[in-house]
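> Quick one: this structure, given as structure tokens, is what I'll be asking you about.
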Amino acid sequence: MIECFKRLNRYRNFLIKKIKNNLKTNQLNKRKLNQTVFDAEKYHSLLIVMCDFGIGDAIVASFLINELRQKNYQVNVVVDERLSFLFNGFIEVDNAYFFNKKEIKKFCKTEKNIKIDLAIDLYDEGDNSLRRVELISSFDPTHTIGFNQSKFLQYDTSIVFNEVNAHITQRSCKILDLLKISYNCVQYHLNIYHDELLTAKKFIDEVCNGSDKFIIVFNPFGSSETKSFSHEQIKRINAFLSQQKNCTTIIVGEQKQICAIDELPNIYLNRNPSFIVASALVSLCHLVISVDTSVVHVASTYNKPLIAVYNNRFNAGFNLNKVWAPIGTNAKLLFTQQNKITKAGDPIAELDIQLIIEQIKETLKSFRPLV
């Protein structure tokens, strides 16, 4: 009986939230009675909306940001304050505006003192669409581009995009095409600061003790448990890597996660909490082993040889194995085998770890003989 009441209460809360969101949507739509016509020649100051972005999303967006800035557009971003460290030069923009999700109304009332000609929202209508529209409206752009956002009048141009196997960067390519901007190839652009690079070099020198070692960066944890290796899997991978006397493996990730991993001969934890330092280690290494997370995109930035494990996630029909795949030609992708085809995907913890070890063996052989 109690469980029944709980389900009814959850359903009631869902309906109330839906009704409130619909009312807010209608109110916002009334504010934008006239949609403007897209005119690429009139735009100079651009705003990229990064609502609910993760680190990987921001790295992927660096392709679009760089191409726009190369063509002398002023590129501004509005982004969750938890990602503020990325926009202090690591990803170069002209202005960054940081918000707290719990204080959206307060942010929207803050005067921005900047004229926005064109706002760009790269993602589809979803649970956070209302929040994104509120952010966009606070900047009052001349024109707004979105993807599959026909519900909201704030999007003057809503691009229909149903290519479920297309890489996420194809959305940026659509924007560049609209603006008649040519580009040579898709490439991410990151800037590792001098001090962080020196910190990474010093750490590598220490763990290698001055020897010429093959450096491996191992990132075992993703943004969820489903996307992460289990501790038993990590032990087995590390046991194998520890035996490779000509290799040094550095484990990166959030400190609260990697601190439980035992260091072994030739296996070291990166105890520096800075994501920029971890990125510097990736830029200096010879091989990256990672689950599907931001480190994959850092490896792509520097075209590093990569073994990446993806877990068959699908969202609204989009194949996230392909949407969020690494770019470049140096990646070897391995996939979980349960094929649940759900938003969470298969648990990587249930993958036969021997498949990973065999792939590591083959990859190492192509660089230098195992010892």
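The values are calculated or read from the model by the stated rules, or taken from the named source; none is laboratory data. Computed from a predicted model, the values in this text were never measured in an experiment. Virtual Cβ from ideal backbone geometry, glycine too; neighbours counted across all protein chains shown. Keep in mind that these areas ignore ligands, DNA and RNA; they rest on the heavy atoms of the full protein, side chains included. Shrake-Rupley method; radii C 1.70, N 1.55, O 1.52, S 1.80 Å.
> Please identify the pairs in which a residue from the range 261-277 that is in contact (Cβ under 8 Å) with a residue 60 or more places away in the chain and under 26 Å from Asn191 (Cβ atoms) has its Cβ atom under 7 Å from the Cβ atom of a residue that is part of a loop (DSSP other than H, G, I, E, B) and open to solvent by less than 10 Å² (accessible area, probe 1.4 Å), counting only partners at least 6 apart or on another chain.
From the range 261-277, the pairs are Asn270/Val252; Ile276/Phe90.
> Scan the range 241-256 for residues that are part of a helix (DSSP H, G or I) and open to solvent by 60 Å² or more (accessible area, probe 1.4 Å) and jot them down. Lay out the reasoning, then the answer.
First pass over the range 241-256, keeping only residues part of a helix (DSSP H, G or I): 241-242, 255-256.
The answer is Lys256, and nothing else.
> Kindly indicate which of Lys151, Lys174 is modelled with pLDDT of 95 or more and either closer than 28 Å to Ala325 by Cα or open to solvent by 40 Å² or more (accessible area, probe 1.4 Å) (or both).
Details: Lys151 fails: modelled with pLDDT of 95 or more.
Checking each option against the conditions leaves just Lys174.
> Is there a residue in the range 288-301 that is in a loop (DSSP other than H, G, I, E, B) and either under 20 Å from Leu83 (Cβ atoms) or open to solvent by less than 20 Å² (accessible area, probe 1.4 Å) (or both)?
So in the range 288-301, the residues in a loop (DSSP other than H, G, I, E, B) come out as 292-293.
From the residues that got through so far, the ones that are either under 20 Å from Leu83 (Cβ atoms) or open to solvent by less than 20 Å² (accessible area, probe 1.4 Å) (or both) too are 292-293.
So far as the range 288-301 goes, yes, one or more of its residues are in a loop (DSSP other than H, G, I, E, B) and either under 20 Å from Leu83 (Cβ atoms) or open to solvent by less than 20 Å² (accessible area, probe 1.4 Å) (or both).
> Hey, among Ala331, Ala325, Ala308, which residue is within 23 Å of Phe275 (Cα to Cα) and in contact with an Asp or Glu (Cβ under 8 Å, 6 or more places away or on another chain)?
Values: Ala331 fails: in contact with an Asp or Glu (Cβ under 8 Å, 6 or more places away or on another chain); Ala325 fails: in contact with an Asp or Glu (Cβ under 8 Å, 6 or more places away or on another chain).
Only one candidate qualifies: Ala308.
> Going through Val60, Val75, Val49 one at a time, which residue ends up being in contact with a helix residue (DSSP H, G or I) (Cβ under 9 Å, 6 or more places away or on another chain), open to solvent by less than 60 Å² (accessible area, probe 1.4 Å) and closer than 15 Å to Leu135 by Cβ?
Working: Val60 fails: closer than 15 Å to Leu135 by Cβ; Val75 fails: closer than 15 Å to Leu135 by Cβ.
Answer to the selection: Val49.
> Scan Ile216, Ile192 and give me the residue that is aliphatic (A, V, I, L, M), open to solvent by less than 10 Å² (accessible area, probe 1.4 Å) and either in contact (Cβ under 8 Å) with a residue 12 or more places away in the chain or more than 25 Å from Ala280 (Cβ to Cβ) (or both).
Numbers: Ile192 fails: open to solvent by less than 10 Å² (accessible area, probe 1.4 Å).
Result: Ile216 is the single residue among Ile216, Ile192 that is aliphatic (A, V, I, L, M), open to solvent by less than 10 Å² (accessible area, probe 1.4 Å) and either in contact (Cβ under 8 Å) with a residue 12 or more places away in the chain or more than 25 Å from Ala280 (Cβ to Cβ) (or both).
> Oh, and also: Taking interchain pairs and intrachain pairs at least six residues apart, which have beta carbon atoms under 7 angstrom, with the first residue in the range 142-165 and in contact (Cβ under 8 Å) with a residue 40 or more places away in the chain and the second open to solvent by 60 Å² or more (accessible area, probe 1.4 Å) and part of a loop (DSSP other than H, G, I, E, B)?
Lys151/Glu125; Leu153/Gln35; Asp156/Gln35
> Looking only at the range 281-301, which residues are over 14 Å from the mean Cα position of the chain (by Cα) and either more than 19 Å from Leu364 (Cβ to Cβ) or of a type in the set (D, E, K, R) (or both)?
Ser283
> Can you work out which of the residues in the range 86-135 that are closer than 14 Å to Leu47 by Cβ and aromatic (Phe, Trp, Tyr) is least open to solvent (accessible area, probe 1.4 Å)?
Checking each candidate, the answer is Phe99.
> Got a number for residues in the range 330-371 being part of a helix (DSSP H, G or I) and aromatic (Phe, Trp, Tyr)? Don't jump to the end; show me each part of the working.
Looking only at the range 330-371, we keep the residues that are part of a helix (DSSP H, G or I), and these are 348-350, 353-367.
From the residues that got through so far, the ones that are aromatic (Phe, Trp, Tyr) too are 367.
The total comes to 1.
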